[in-house]
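The values are calculated or read from the model by the stated rules, or taken from the named source; none is laboratory data. This is a predicted model, so every value here is computed, not measured. Methodologically, a virtual Cβ is constructed for each residue, glycine included, from the backbone with ideal geometry; neighbour enumeration extends over all protein chains shown. Ligands, DNA and RNA are stripped out before the accessible areas are found, and what is left, the full protein with its side chains, is counted by its heavy atoms. Shrake-Rupley method; radii C 1.70, N 1.55, O 1.52, S 1.80 Å.
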Amino acid sequence: MTDLQHSDAGALIVDPLKAPPIARAAAASTSLTPLHFGDPIRDDFRVFLTLLWRYLKLPDPTPLQLDIAWFMQHHPRSGEIDHLIIMAFRGAAKSWITGAYALWTLLRDPQKKVLVASGSVRRSVAFVNWCLGLITEWPLLQHLRPKPNQRQSSQAFDVGPARPDQTPSLFAVGITAQIVGFRGDLIIGDDVETNTNSATPDMREKLSDSVKEFDAIIKPGGQIIFLGTPQTEASIYNGLVKRGYIIKIWPARYPTGKQRRQYGEKLATWIAYQLDRNPRLAGTSTEPTRFSDDDLAARELSWGKAGFALQFMLDTSLSDVDKYPLRLTDMIVMSLDRRTGPDLVSWGSGDHLALKDVECIALDGDRVYGPASVSDGYSKYARKVAFIDPSGKGKDETTLTIAGVLHSTPFVLKQRGWLDGYGEKTLKEIAQLLVEFDVAVCRVEEDFGQGMFAALLRPYVKKAWEDKNGQLPKRPGDTRTMTEIVSERAAKVQKELRILEVLEPIFQANRIVMAKEVLQEDYKTTMGRDGTELRDRYSLMYQITRLTREKDCLTHDDRVEGLAGVLAMLLEELGLSPRDQAAKAEESRTDAFLKRLEAQEASFMRNATRRPLRAGLRGGGRR
């Protein structure tokens, strides 16, 4: 075969451009007579794919798409059953290629059984309908059309030549469905990992358990193919590799030397071959006819570096120890009162402290824990402050974060986000929260508005306080509270470094106490968002655990910036020892209690000495 080359190391390398030329083979395969082995359409999946693309009026398959097709057909076997993972960037047409592969499998042997499982039933049903539509319309496949007495629905159908069987020729299910009685020759997992079902470690564990069912229903000699784009650095596809799956990765850009070392043997052979031939390709598009370098640069700007690394470079590497310096585990999470907090609270991470009622949008192994111990004494917060990170109307959020400080320990009490920028509803709700939490100072970070947001907010805050104060009884000498609104410009340094400069020491010292309700609301709000597959990017927990020192590493950073902003307002109070401060508070309470006790005892003694005298005077008067 002219398409097989050998590297200097002796490894077999495939260049699909040196196949029996695809264009020539496809052009020669025009006969629609019954097929037989020896026909290039039946023997070479790439020829079938090229003919299908031409029938659909698409450009011929690109070299990258042909390499994916070659791998499906000619991959090295990992045992009696083939276990494959095809990881290609968004837009590589991997689902269409695999749909064509399912049709080609049935063309070669109509008795084969194919199962398609997706993250949602809707997606797998669309896969099946696409295949059924092609069998109905494409002359090359029309002999496979279901007969009147065979199954034919949007979820399952038989091909015409198939013998009666309990299992349909092509069957669609959702990944969480129970697959009872099905036995398959080809099982396709088409994007089983989605943004919705893999956000938390528990979700990923359940998803991993679901895909284990495939090994129970695959026939000997069968093939399991996963198609996917990782949704998280802790992707379930990493776990499948440990279970014997062979993975190949087709990134959107040719990897650099460091990236190539991280991919290792997972990098698609053709990608590696092209880089060996021309190392200058590193950093350029692997699909220049479909995705130019400028187009990929625009997508990287839209997705953020972390999102682009996952969705387009398929990089789930966590090799850098300091890549993600913040962990949810480093926080103390508990229910908090908005007026008083515990004098002393200590951090712990034992299994008995794990909070099962808080869903974490985090990396595997990272979760939240309750306090190891909490003092009996509670005190009013020494100060309560708020930080607002405003935004215009659009994809970014306007966030409000409220925190209190007590004995050098910061307590995060509330965080909310709004997408309508500086709308009236947002301003009213912010003002109401500032009043409800009795916030003394609210700092507004103004990058471009020159104090406009603060100026718009002040009248709403004033009215909210007037409404509350008007409901309280007036007392002589009583001074009414009012939140001070302060507008400041952000420091002109890289945002990510500025945020980590504040948060990293506090997290590493396990000093931050987070209200459990903040995280619960964060998860509920995030998962309730509609119309976006980037919903988890709005989560405070996601932003904390994915923040790095790279510029623009996050698609959205409004919430983690709000957290850093409010804690920066309390840095002066955080310099003292919490234990010493709590001891002093306990000492002060004890002294106050003793003084009250002494006063009560002195009062009692005075009253006791007066009673006999008064009694004698009253007795003498009667005599």
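Only one of the numbered conditions (1) under 13 Å from Leu106 (Cβ atoms); (2) without any contact (Cβ under 8 Å) to a residue 12 or more places away in the chain is violated by Phe171, and that is (2). Leu296 meets each of the listed conditions (1) open to solvent by 20 Å² or more (accessible area, probe 1.4 Å); (2) closer than 16 Å to Arg90 by Cα; (3) touching a Ser or Thr at 6+ places or on another chain (Cβ under 9 Å) apart from (1). Evaluation of Ser31 against the conditions (1) in a loop (DSSP other than H, G, I, E, B); (2) among the polar types (S, T, N, Q); (3) modelled with pLDDT of 85 or more shows that the sole unmet condition is (3). The residues of segment 412-458 that are open to solvent by less than 10 Å² (accessible area, probe 1.4 Å), of a type outside the set (Gly, Ala, Ser) and without any contact (Cβ under 8 Å) to a residue 40 or more places away in the chain, listed by number, are Thr426, Leu427.
Scanning segment 401-411 for residues that are of a type in the set (Ser, Thr, Tyr) and either within 20 Å of Thr555 (Cβ to Cβ) or open to solvent by 20 Å² or more (accessible area, probe 1.4 Å) (or both) gives a single hit, Thr401. Restricted to segment 236-280, the set of helices (runs of 4 or more DSSP H) holding at least 2 residues that are under 25 Å from Asn195 (Cα atoms) and of a type in the set (A, V, I, L, M, F, W, C) comprises 236-242. For Thr398, the stated conditions hold: it is open to solvent by less than 10 Å² (accessible area, probe 1.4 Å) and touching a residue at least 60 places away in the same chain (Cβ under 8 Å).
Which of the residues that make up segment 354-372 are outside any loop (DSSP other than H, G, I, E, B) and at pLDDT below 95? If the condition is that a residue be outside any loop (DSSP other than H, G, I, E, B) and at pLDDT below 95, then Ala354 is the only one that fits. The residue that is surrounded by the fewest Cβ atoms within 10 Å (Cβ to Cβ), among those in segment 518-538 that are part of a helix (DSSP H, G or I) and modelled with pLDDT under 90, is Met527. Scoring Phe157 on the criteria (1) closer than 17 Å to Val121 by Cβ; (2) touching a Lys or Arg at 6+ places or on another chain (Cβ under 8 Å); (3) open to solvent by 30 Å² or more (accessible area, probe 1.4 Å) leaves a single failure, condition (3).
Checking Gly264, Gly304 one by one, the residue that is on the phi > 0 side of the Ramachandran plot and without any contact (Cβ under 8 Å) to a residue 60 or more places away in the chain is Gly264 and no other. Checking the stated criteria, Tyr254 turns out to be modelled with pLDDT of 95 or more and either surrounded by 17 or more Cβ atoms within 10 Å (Cβ to Cβ) or among the acidic types (Asp, Glu) (or both). Would you confirm whether or not segment 383-393 contains a residue that is aliphatic (A, V, I, L, M) and open to solvent by 20 Å² or more (accessible area, probe 1.4 Å)? The answer is no, given that none of the residues of segment 383-393 is aliphatic (A, V, I, L, M) and open to solvent by 20 Å² or more (accessible area, probe 1.4 Å). Hey, any hits in segment 313-331 for a residue that's touching a residue at least 12 places away in the same chain (Cβ under 8 Å), assigned to a helix (DSSP H, G or I) and touching a Pro at 6+ places or on another chain (Cβ under 9 Å)? No, segment 313-331 contains no residue that is touching a residue at least 12 places away in the same chain (Cβ under 8 Å), assigned to a helix (DSSP H, G or I) and touching a Pro at 6+ places or on another chain (Cβ under 9 Å). Quick check on segment 457-465. Is at least one of its residues in a helix (DSSP H, G or I), among the small types (Gly, Ala, Ser) and modelled with pLDDT under 90? Checked segment 457-465: no residue is in a helix (DSSP H, G or I), among the small types (Gly, Ala, Ser) and modelled with pLDDT under 90. Please state which of the following conditions Gly174 fails to meet, knowing it meets all the rest: (1) open to solvent by 10 Å² or more (accessible area, probe 1.4 Å); (2) in contact with a strand residue (DSSP E or B) (Cβ under 9 Å, 6 or more places away or on another chain). Checking Gly174 against (1) open to solvent by 10 Å² or more (accessible area, probe 1.4 Å); (2) in contact with a strand residue (DSSP E or B) (Cβ under 9 Å, 6 or more places away or on another chain), the one that fails is (1).
The one condition from (1) under 30 Å from Ala362 (Cβ atoms); (2) open to solvent by less than 70 Å² (accessible area, probe 1.4 Å) that Leu497 does not meet is (2).
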